[in-house]
Amino acid sequence: MKKYFVFVVLFTCGISAIAQQTLLSPAQFLGYELGERFTRHHRVVEYFQHVSSAVPTVELYMYGETYEHRPLVYAVVASSENFARMEQIRTDNLKRTGLAEGAPSTKVAIAWLSYNVHGNEASSLEASMLTLYELVNPANAKTKEWLKNTVVIIDPCINPDGRDRYANFYNQYGNQPPNPSPDAKEHREPWPGGRSNHYWFDLNRDWAWLTQIESQQRIKIYNQWMPHVHVDFHEQGYNSPYYFAPAAEPYHEVITPWQREFQVTIGRNHARYFDEQGWLYFTKERFDLYYPSYGDTYPTYSGAIGMTYEQAGHGMGGLSITTREGDPLTLKDRIIHHHTTGLSTIEITSQHANRLVDEFEKYFRENNSNPTSPYKTYVIKSTNNADKIQRLASLMEAHAIRFGHPSAGKSTRGFDYTTQTQQSFNLSTEDIVVNIYQPKSRFITTLFEPQSKLPDSLTYDITAWNLMYAYGLKAYAINERINFARPWQRKAVENTPVQNKPYAYVFRYQSLADVEFLGALMQRGVKVRLASKPFRIGNESFDAGSIVVTRRNNESLTDFDQSVQQLATAMGRKWFASTTGFMDAGKDFGSSDVSYIKAPRIATLVGDQTSSLSAGAIWHFFEQGINYPNTQIGTEYFKSVDLKNYDVLVVPSGYYQLFNDDMLKTLQGWVSGGGRLILIANALNAFADKDGFALKKYATEEAKKEAEKIEKEQQAKDVLASYESAERRYISELISGAIYNVTLDKTHPLAFGLGDSYYTLKTNEMYFDYLKGAWNVGVIKGKAKPLQGFAGHKINKKLDNSFVFGVEDKGRGQIVYFVDDPLFRNFWESGKMLFANAVFMVGQ
């Protein structure tokens, strides 16, 4: 069988020697029973290597490594017959999808079990070893039978960095014997906890967006196999019974009746085993199938039966904890529950293998030949910024989405994402077309459809994510099929050779790649200027925000021209070499409106009171997004830090007690002296309605009293409401991740490079009045209505004429307010540009 990735030598001679012996159980190999302690990731990998070496029908592959350089591995388990033809089984399965040419000649089901995506949901990694063992245990006749028609893939740990963070914590603080009291330190992880990966990202929200290296490497392998069944093993609060399929509503409408039906079939099989043992469980609640970036929905939208299984425990579970019923919940209990559903999944897959393969093939036959979604083609105009197109194209390629250029131009009509109406437009041969007559049809629909039908507003996650808005693209959705005649290929940037020494180099500022280039210039000591107003040189027009690099002030660079040109070439930036500082229109390069940009010294607050997800997104943005230095300062010692050493302080979303009156005065003094304070999402609550800050929830005391009066009237109406309706009343004040159109002041530096429009992804219920005596750069004007996604009618009314983002000038510095997190999960591309402007452009 072909190895898709070479497995590196990870093991000592001692382990290799053990691996050549007879197959060992996990307890025999590790030297302790599963559940007696938390096994570190490297030992689990070693056990999988042992099984692979001892059993000829198990192959272990390394498909990548984490940011902290831990290996990412998966094992393939099969019968002898199927193992011998594994490559044929894999390629035949791709033929069923249309991702490979030809007709399949084998018919074998593929089940994929993914463990420990959240590091502190720690029982599943332990269960993966037991499940692997039982699949190859010579004494287990049942699993031998199942493997005759089913191939099993096991990824023992999606998130090794988070897993080891949790295991190391518990192994350090755990009592011997374990203390089951929830008050014990061993049940209280320190910030940020083990749930997330190295950059504190939730990998179970990243399957579609692929912002993290673990996701990027895993999705390559997933799309090389395309399993028929996929399970994502999780844990929830320690007082909850076990959860398994069928999932709760809402289901996205692209999910097929068969996918719904088989969720029930699997659930009934699990219930049979749980009933025998008297274990509590629940189904059809809480965990829905809607948001496309989960470990259950992404496989579902890729033709599989995708499921989440949730065991009680989570980060507080430890080795043993007392539940609210007074019962002990042990790690051993948690392992056996996950092990039971894992084997039950393989059993039911084997029992229905033929039907699963047939329905899988039918799913893709419909995708390729007769997709039912009303919008058949999505058109991305060639006039969009090339870097934005490149980033979206790379994402689509990673997901095996097919796209390209049409053979001919034509006049057509479709839904205009900018105007939210049906419009006529001209299709050109340089535009990109993505039609849904292809293997990833339903997944494409979930990413791009103008409106997603939401059967039930009670949902587990955000309800809007449309990538046309996320990337700020001019695009259309049309009802007719348009094929592409030639594949998309990015046009190489062509720069005109510079004959003489130009007066200045000019660069457009329109994308995150331009931000990275700006940062790279600064780090190389190149002095850069910012044009705060539009200008024209000859026939070349430049928007406000353009970057100007003059020869003057860069005399100290002996290789000035070579430095600028080589960096621009390496980073794919197009320069315009100007021989003069005299503009044909707009301000000359010596004007105060073309000002020097100081390279900012940036600090970010991290630690207790901050949201680790928000702090992690900021960390990842600087380190992996634009490669610019950022100093992380812990909340526990923030008061002792001299802020004069920094120009920018970023305060992530969080719930702060840190900012008392004295600290607020300190920050105001630092800002007045030239500092820039950037506040994100819930961090605003620590500064709103405080003396010296322009951010107010209500414009006047009268407006506040009027709002309170309306609230009391509503509460009076709710007095006689039924207990059953409480949840529905609650969601009337809830925003489940909805997209709103923002009215933009394009002339302000905070809006540079955003184009004519901005769409905000609102994931909280905060609302504030317009800033007084400050810059309201982004606002919701008039009646608030989401373009996509759910927002309760009560909270929507409160968003009428509300503030979204802006800047308060204070002395020589500024405060930047973001009501919505522009770096939420780092997939909102336009938000990254907005945040970059707060860091580099504002105050310059």
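Screening Gln224, Gln259 for residues that are touching a Phe, Trp or Tyr at 6+ places or on another chain (Cβ under 7 Å) and in a helix (DSSP H, G or I) leaves exactly one candidate, Gln224. Which residue pairs have Cβ atoms under 6 Å apart, sit 6 or more places apart or on different chains, and have a first residue in segment 26-41 that is in a loop (DSSP other than H, G, I, E, B) and a second that is small (Gly, Ala, Ser)? These pairs meet every condition: Glu33/Ala27; Phe38/Ala122; Phe38/Ala167; Arg40/Ala167. Of all residues in segment 356-379, those satisfying the criterion of being in contact with a strand residue (DSSP E or B) (Cβ under 8 Å, 6 or more places away or on another chain) and open to solvent by 10 Å² or more (accessible area, probe 1.4 Å) are Tyr375, Lys376.
Of all the listed residues (Glu235, Glu249), the sole one being in a strand (DSSP E or B), surrounded by fewer than 17 Cβ atoms within 10 Å (Cβ to Cβ) and in contact (Cβ under 8 Å) with a residue 24 or more places away in the chain is Glu249. Of the residues in segment 191-206, at least one is closer than 14 Å to Gly318 by Cβ and either aliphatic (A, V, I, L, M) or not in a helix (DSSP H, G or I) (or both). Among the criteria (1) at pLDDT 95 or above; (2) more than 30 Å from Asn384 (Cα to Cα); (3) open to solvent by 10 Å² or more (accessible area, probe 1.4 Å); (4) touching a Ser or Thr at 6+ places or on another chain (Cβ under 8 Å), the one Ala774 does not fulfil is (4). Return a yes/no flag: does segment 684-697 have any residue that is at pLDDT below 95, farther than 28 Å from Ile618 by Cα and within 34 Å of the chain's Cα centre (by Cα). Within segment 684-697, none of the residues are at pLDDT below 95, farther than 28 Å from Ile618 by Cα and within 34 Å of the chain's Cα centre (by Cα). Take Ile618 and decide whether it is among the β-branched types (Val, Ile, Thr) and touching a helix residue (DSSP H, G or I) at 6+ places or on another chain (Cβ under 7 Å). It is false that Ile618 is among the β-branched types (Val, Ile, Thr) and touching a helix residue (DSSP H, G or I) at 6+ places or on another chain (Cβ under 7 Å). For segment 406-426, a tally of residues being under 30 Å from Thr97 (Cβ atoms) and either over 32 Å from the mean Cα position of the chain (by Cα) or surrounded by fewer than 18 Cβ atoms within 10 Å (Cβ to Cβ) (or both) returns 3.
Total residues in segment 797-830 satisfying the condition of being touching a residue at least 40 places away in the same chain (Cβ under 8 Å) and of a type in the set (S, T, N, Q): the figure is 3. Given the structure, is Gly303 of a type outside the set (D, E, K, R), in contact with a strand residue (DSSP E or B) (Cβ under 7 Å, 6 or more places away or on another chain) and either open to solvent by 10 Å² or more (accessible area, probe 1.4 Å) or assigned to a loop (DSSP other than H, G, I, E, B) (or both)? No; evaluated as a whole, the condition is false for this residue.
To keep it simple, each residue is scored yes or no on (1) open to solvent by 10 Å² or more (accessible area, probe 1.4 Å); (2) over 21 Å from Val842 (Cα atoms); (3) hydrophobic (A, V, I, L, M, F, W, C); (4) modelled with pLDDT under 95.
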| position | (1), (2), (3), (4) |
| --- | --- |
| Ala599 | yes, no, yes, no |
| Ala603 | no, no, yes, no |
| Ala617 | no, no, yes, no |
| Asn627 | yes, no, no, no |
| Asn630 | yes, no, no, no |
| Tyr637 | yes, yes, no, no |
| Ser640 | yes, yes, no, no |
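Between Asp514, Asp543, Asp559, Asp588, the distinction of being touching a Lys or Arg at 6+ places or on another chain (Cβ under 8 Å) and open to solvent by 40 Å² or more (accessible area, probe 1.4 Å) belongs to Asp543 only.
Across segment 324-371, the number of residues qualifying as more than 21 Å from His270 (Cβ to Cβ) and polar (S, T, N, Q) comes to 5. Taking every residue in segment 123-141 that is under 22 Å from Gly315 (Cα atoms) and part of a helix (DSSP H, G or I) and pairing it with any residue that is open to solvent by less than 40 Å² (accessible area, probe 1.4 Å) and of a type in the set (Gly, Ala, Ser), at least 6 positions away or on another chain, the pairs with Cβ-Cβ distances below 7 Å are Ser123/Gly313; Glu126/Gly35; Ala127/Gly342. The residues of segment 788-833 that are over 18 Å from Ala615 (Cβ atoms), in a helix (DSSP H, G or I) and either of a type in the set (S, T, N, Q) or open to solvent by less than 20 Å² (accessible area, probe 1.4 Å) (or both), listed by number, are Ile795, Asn796, Ser830, Met833. Residues that are surrounded by fewer than 16 Cβ atoms within 10 Å (Cβ to Cβ) and in contact with a helix residue (DSSP H, G or I) (Cβ under 7 Å, 6 or more places away or on another chain) do not occur anywhere in segment 467-485.
The values are calculated or read from the model by the stated rules, or taken from the named source; none is laboratory data. In this text the structure is predicted, and so the values were computed from the model without any measurement. Don't worry about glycine lacking a Cβ; one is built from the backbone with ideal geometry, like all the others, and counts go over all protein chains shown. The accessibility values were calculated without ligands, DNA or RNA, using every heavy atom of the protein model including side chains. Shrake-Rupley method; radii C 1.70, N 1.55, O 1.52, S 1.80 Å.
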